[in-house]
Amino acid sequence: MVPFSILDLAPIVEGGSASQAFRNTLDLAQHAERWGYHRYWLAEHHNMPAVASAATAVVIAHVAGGTSSIRVGAGGIMLPNHSPLVVAEQFGTLESLFPGRIDLGVGRAPGSDQVTAVALRRNLNIDSFPQDVQELMALLREPASGQRVKAVPGAGLNVPIWVLGSSLFGAQLAAELGLPFAFASHFAPAQMMPAIEIYRSRFQPSSFGGDRPYVMLGVNVVAAATDQEARRLFTSHQQIFLALRRGQLGPVPPPVDPDRFDAELTPLERVELQHTLASALVGSPATVRRGLADFRARTGADELIIAAQIFDHAARLRSYEIAAQLREELRQSLESSVGSLESQSTV
């Protein structure tokens, strides 16, 4: 069965604080390590009242320092906001502190609106993203002869670099550079299958990324005891999405009655939610189990990275715990099926 990982935005909830968000993030990471999750990624966003992980490398250090074996990384660093040298130094520092546990996912969006992007003091040019990625790769390799600028620390550490994407562009670049690819199907499902096909068909092996394509897909999972309770918890995520579209950003809101929420949606809002969150798996363990099995069979993903914007921390922990249990059930079911086929072939 494919590995399961976690994508966290260190959510700030209504009535909460960034300090509380960081405590909850570490608590979730520690539970995730015990539950068998493979990696724990944090995302860079700016000027968003619901997201505490703006200083992503700092939060990664917080999580890695409070865990012992789970991989920790960025999903991702928005490279147009930074010079490749600074990113190489930051992640070289993290790799030096936590050897063999650090991942570096990079994206070409600013992780903010244009006004905030200007405030970041960078001349944003997403067209330079391919060159920035290659510069970053060079800075994390062994220095070339005569190379005058080196990442210290960072040079020679070969921190794994992933290309993140929500369109076909990232798939093409990851394939060309021979890097692993993480697609944001948790909020951009429409281009998921074309992106996977492009990446796999055009992949060029590289010394930095390996000899075969590797696809990780984002998926929203909200699991609870019943379908109705999961739907209720999911309304926090839905409210965040609608607030973002309206330009009315705020902390993560508490859940509301799902039937009343659905009834009050405009036709346009309903279509937008269905389009953007089409890959969300929301429901009881049985419902989510069927959804996970179908999603994996349909996509052939090498790894799934699960996002869950849930207001109540205990409910969020329980949702991730259920997902981990379902992964184990699916693994056992797959092994049983393979064993049965092997037995039949010897008859």
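The values are calculated or read from the model by the stated rules, or taken from the named source; none is laboratory data. Values in this document were obtained by computation on a predicted structure and should not be read as measured data. Heads up, the Cβs are rebuilt from the backbone with ideal geometry, glycines too, and the neighbour counts pull from every protein chain shown.
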Out of contact with any Gly (no Cβ under 6 Å at 6 or more places or on another chain), in a helix (DSSP H, G or I) and among the charged types (D, E, K, R) - does that describe any residue in segment 39-48?
-> no
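Working only within segment 30-48, note down all residues that are over 14 Å from the mean Cα position of the chain (by Cα) and among the aliphatic types (A, V, I, L, M).
So in segment 30-48, the residues over 14 Å from the mean Cα position of the chain (by Cα) come out as 30-36, 46-48.
Scanning segment 30-48 gives Ala32, Met48.
Please count how many residues of segment 277-294 are under 20 Å from Val215 (Cα atoms) and buried (at least 19 other Cβ atoms within 10 Å of the Cβ). First the steps, then the outcome.
Going residue by residue through segment 277-294, those that are under 20 Å from Val215 (Cα atoms) are 277-281, 291-294.
Applying the additional criterion that residues be buried (at least 19 other Cβ atoms within 10 Å of the Cβ) yields 279-281, 291-292.
Residues in segment 277-294 being under 20 Å from Val215 (Cα atoms) and buried (at least 19 other Cβ atoms within 10 Å of the Cβ): 5 in total.
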Do any helices (runs of 4 or more DSSP H) entirely within segment 214-304 hold 1 or more residues that are among the aromatic types (Phe, Trp, Tyr) and closer than 19 Å to Leu9 by Cα, and if so, which?
-> 227-246
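Being closer than 12 Å to Phe91 by Cα, of a type outside the set (Val, Ile, Thr) and either within 26 Å of the chain's Cα centre (by Cα) or in a loop (DSSP other than H, G, I, E, B) (or both) is the requirement here; does Ala155 meet it?
On the way: closer than 12 Å to Phe91 by Cα: yes; of a type outside the set (Val, Ile, Thr): yes; either within 26 Å of the chain's Cα centre (by Cα) or in a loop (DSSP other than H, G, I, E, B) (or both): yes.
Considered against the rule, which asks whether it is closer than 12 Å to Phe91 by Cα, of a type outside the set (Val, Ile, Thr) and either within 26 Å of the chain's Cα centre (by Cα) or in a loop (DSSP other than H, G, I, E, B) (or both), Ala155 comes out as yes.
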Qualifying residue in segment 91-101 (condition: among the aliphatic types (A, V, I, L, M) and assigned to a loop (DSSP other than H, G, I, E, B)) = no
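Here is a yes/no grid of residues against (1) in contact with a helix residue (DSSP H, G or I) (Cβ under 8 Å, 6 or more places away or on another chain); (2) aromatic (Phe, Trp, Tyr):
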residue	(1), (2)
Pro3	no, no
Leu9	no, no
Tyr40	yes, yes
Ala52	yes, no
Thr56	no, no
Pro80	yes, no
Val87	yes, no
Gly92	yes, no
Asp103	no, no
Qualifying residues in segment 22-55 (those that are closer than 20 Å to Ile77 by Cβ and touching a Pro at 6+ places or on another chain (Cβ under 6 Å)) - the one surrounded by the most Cβ atoms within 10 Å (Cβ to Cβ) = Ala50
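Taking segment 26-38 as the search range and keeping residues that are in a helix (DSSP H, G or I) and touching a strand residue (DSSP E or B) at 6+ places or on another chain (Cβ under 7 Å), which one is farthest from Pro253 (Cα to Cα)? Please lay out each step first, then the result.
Of all residues in segment 26-38, those in a helix (DSSP H, G or I) come to 26-35.
From what's left, touching a strand residue (DSSP E or B) at 6+ places or on another chain (Cβ under 7 Å): 28-29, 32.
Working: Leu28: 19, Ala29: 22, Ala32: 24 Å.
Only one residue fits best here, namely Ala32.
State whether the residues of segment 206-219 include one that is modelled with pLDDT of 95 or more, over 21 Å from Ile161 (Cβ atoms), in contact with a helix residue (DSSP H, G or I) (Cβ under 8 Å, 6 or more places away or on another chain) and buried (at least 24 other Cβ atoms within 10 Å of the Cβ). Lay out the reasoning, then the answer.
Of all residues in segment 206-219, those modelled with pLDDT of 95 or more come to 212-219.
Still in the list and also over 21 Å from Ile161 (Cβ atoms): 219.
Now drop any that are not in contact with a helix residue (DSSP H, G or I) (Cβ under 8 Å, 6 or more places away or on another chain), which leaves 219.
Subsequent filtering for residues that are buried (at least 24 other Cβ atoms within 10 Å of the Cβ) retains 219.
The answer is yes; a qualifying residue exists.
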(1) closer than 26 Å to Ala195 by Cβ; (2) at pLDDT 95 or above; (3) not hydrophobic (A, V, I, L, M, F, W, C): which one isn't true of Thr287, the others all being true?
-> (1)
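Would you check which residues across segment 85-108 are surrounded by fewer than 21 Cβ atoms within 10 Å (Cβ to Cβ) and either closer than 9 Å to Ala151 by Cα or not polar (S, T, N, Q) (or both) and list them?
Leu85, Val86, Glu89, Leu97, Phe98, Pro99, Gly100, Arg101
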